[in-house]
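A.B. asks: Let me give you the structure first, and then I'll get to my questions.
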Amino acid sequence: MPDFRVHCTPATAEPAEISLSPEESHHLVSVNRARSGDTVTAFDGRGAEWICTLVEADRKAARLKVRFNQRAKPLAYEITLGQALPKGGGMDAIVRKATELGAARIVPLESERTQVHLDGDRTERKIEKWQVAALEAAKQCGNPWLPQIAPVQAASAFLESARGFDLKLIASLQPGAQSLKAVLAAYRTAKGRPPKTVLWVVGPEGDFTPAELSLSRSCGFEPVTLGPLVLRCETAAVYAISVLAYELQNG
């Protein structure tokens, strides 16, 4: 893999040169210490990549010469994570790990037990921060697809409005929750194929309330256990996406 990665949105699909934004220029030249002649991969977060040579190592306006372009093949499945907001900086870590694991969309949720409540400008600043976290993670791991960060919304409203998914899962600590293997096996038996679009919702500290879990079941969500131990919500999110992605990749 080339040494350096930068994010850009060229005006055309086949640019001869790419001029980077001041932020990307600073990160490439000042932080990563790229120099003229270095190979740089530019990507747009939607699967397009351009393999370039850094021709002007300007800290505010770096310029790349495109050698060739390529299109990344999308994953055969699409995972959306609905995540109840954790305390502190936990959501930043979840966004980073979800990006590394290939999540297509992340939906921040305010549930009844959520201890963090956002509104107005604070919500916009948080979303911008999570978008930056996703971008940094994508650069680091080489993911050419940036996940969409949806607006913060009420968990109950999201559960009721979730449409267009082959399978809807909710992490549950309650008795009767099934294993992921069992749920996927039942889906394959019924449909004759693995699911392509999966929504997995993970609760906050203390889990979702009984009322929220009951609502999820009435809205077609399958309660899935993440094992016998009570996991921090950051751990639960990473675990949930990891095992789901593994099963779908090998399904």
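A.B. asks: For all pairs of alpha-carbon atoms in region 4-71, what percent lies in each bin of width 5 Å, listed from the first bin to the last filled one?
C.D. replies: 4, 21, 36, 25, 12, 3
A.B. asks: A further question on this structure: So how do CYS8, CYS233, CYS52, CYS141 line up by other beta-carbon neighbours within 10 Å, fewest first?
C.D. replies: Values: CYS8 18, CYS233 22, CYS52 26, CYS141 15.
The fewest-first ordering by Cβ neighbours comes to CYS141, CYS8, CYS233, CYS52.
A.B. asks: Rounded to the nearest 500, what is the chain's calculated 222 nm mean residue ellipticity when only DSSP H runs of at least 4 contribute -39500 (n - 2.57) each, over all residues?
C.D. replies: On the way: 7 runs with 82 residues, N = 251.
When only DSSP H runs of four or more count, the value is -10000 deg cm²/dmol.
A.B. asks: Eight or more residues apart or on different chains, and alpha-carbon atoms under 21 Å: count the Lys pairs in the chain matching that.
C.D. replies: 20
A.B. asks: Restricting things to alpha carbons, tell me how big region 78-249 is in terms of Rg and Dmax, in Å.
C.D. replies: According to the Cα coordinates of region 78-249, Rg and Dmax are 15.2, 47 Å.
A.B. asks: On to the next question. Grab the beta carbon distance between LYS87 and SER242, set R0 = 25 Å, and tell me the FRET efficiency rounded to 0.05. Show your work: numbers first, answer last.
C.D. replies: Values: r = 22 Å, r/R0 = 0.89.
FRET efficiency, LYS87 to SER242: 0.65.
A.B. asks: Now, a different point. Give me the one-decimal nm value for the distance between modelled label points at PHE68 and LYS191, 7 Å along each residue's Cα-to-Cβ direction.
C.D. replies: The answer from the label model is 3.6 nm.
A.B. asks: If R0 is 25 Å, what FRET efficiency do you get for ILE51 and ALA76 from their C-beta distance, rounded to 0.05? Before the final figure, lay out the partial values.
C.D. replies: Working: r = 25 Å, r/R0 = 0.99.
Calculated value: 0.50.
A.B. asks: Taking the chain as a Gaussian network, Cα atoms linked when under 10 Å apart, which of ASP58, ASP119, ASP207 shows the biggest mean-square fluctuation?
C.D. replies: ASP119
A.B. asks: Please list, in order, the residues from region 11-40 whose amide nitrogen is less than 15 Å from a point placed 7 Å along the Cα→Cβ vector of ALA61.
C.D. replies: From region 11-40, the list is 18-26.
A.B. asks: Counting only residues 5 or more places away or on other chains, whose amide H sits under 5 Å from the amide H of VAL6 once H atoms are built in the peptide plane?
C.D. replies: THR41, ALA42, PHE43
A.B. asks: Sticking with this one: For a quick check: with amide H placed at 1.01 Å from N, whose amide H comes under 5 Å from ALA154's, ignoring anything fewer than 5 positions away on the same chain?
C.D. replies: For ALA154, the qualifying residues are GLU110.
Read-outs throughout are calculated quantities, based only on the coordinates presented, and are distinct from any laboratory measurement. Bear in mind the structure is a predicted one, so any value in this text is a computation, not a measurement. Quick reminder, even Gly has a Cβ in these numbers, built from the backbone with ideal geometry, and neighbours come from all protein chains shown.
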